[in-house]
Amino acid sequence: MKARISPILLLILVITVFPIFPQQLETFDRLVDFSITLKDLNLLSEARLKEIINDKKLVIINGSVASILIINKEENNFAAELELIQGEWEGIEEVKIFRCIVRLNGAHFAPRLQVHRSREKHPDAIELNSSILVVGKLVEIKNQPNESPLPVLEGIYIRQIR
C-alpha cells in the first residue's frame with residue numbers, strides 16, 4: 001500500500017515554505033558578494049577595492065596555497081598568513097598570476113595548519129599547494145614590489161578542495 005500526500009496538505013506546504021527562500025537570498029546578498037574572484041581582487045581599481053572593504057561583505061574565493069607564514073604558534077593566540085594564488089594563461093607562453101594574503105586568527109585554525117609535528121595528520125590539513133576555498137572579508141590593500149595591489153583578507157572559514 002503506497003502512502004499518498006493529500007493535495008491540500010501539499011498546497012499548504014508549498015504556500016508556507018516558498019516565501020522563505022527569497023528572504024534567505026536577500027539576506028545572503030546583503031552579507032556576501034558572490035561575484036568577486038581572486039582575479040577581480042587583483043584587477044579592480046583601488047577605489048572599488050576600498051568600496052568592498054567599506055561594504056564589509058564576505059567574499060568567497062579559491063586558489064592554491066603558495067606560502068604559509070605562522071605568526072603566532074600559541075594555540076590561544078594562533079595567527080598565520082597564507083598566500084593564495086591562481087594562474088591564467090596569456091597566450092601560449094605566459095601565465096598571469098593573481099594573489100592575495102589570507103590572515104587566519106584563532107585556535108580553530110592551528111590544527112589545520114599542522115603547527116606542531118604530529119604522527120597523525122589532520123584530515124583537513126592545509127599544506128603548501130593545497131587548493132582551498134576561503135570565506136573572508138577584504139580588510140586591507142598592500143602594494144606588491146611592482147606597485148600592483150595585494151589584497152588582504154581576514155579569513156573566516158577555509159576548506160580544502162579535493
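Read-outs throughout are calculated quantities, based only on the coordinates presented, and are distinct from any laboratory measurement. Computed from a predicted model, the values in this text were never measured in an experiment. Heads up, the Cβs are rebuilt from the backbone with ideal geometry, glycines too, and the neighbour counts pull from every protein chain shown.
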In the range 62-77, residue farthest from the chain's Cα centre (by Cα) [restricted to those that are among the polar types (S, T, N, Q) and within 12 Å of residue 102 (Cα to Cα)] | 67
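One line per residue, one yes/no per condition, for (1) touching a strand residue (DSSP E or B) at 6+ places or on another chain (Cβ under 7 Å); (2) in contact (Cβ under 8 Å) with a residue 24 or more places away in the chain; (3) under 15 Å from residue 126 (Cβ atoms):
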site	(1), (2), (3)
32	yes, yes, no
41	yes, yes, no
48	no, no, no
52	yes, yes, no
63	yes, yes, yes
67	yes, yes, yes
82	yes, yes, yes
92	no, no, no
95	yes, no, no
Got a number for residues in the range 23-52 being closer than 27 Å to residue 110 by Cβ and over 13 Å from the mean Cα position of the chain (by Cα)?
-> 1
Among the residues of the range 128-136, is any touching a helix residue (DSSP H, G or I) at 6+ places or on another chain (Cβ under 6 Å) and either among the aromatic types (Phe, Trp, Tyr) or surrounded by 14 or more Cβ atoms within 10 Å (Cβ to Cβ) (or both)?
-> no
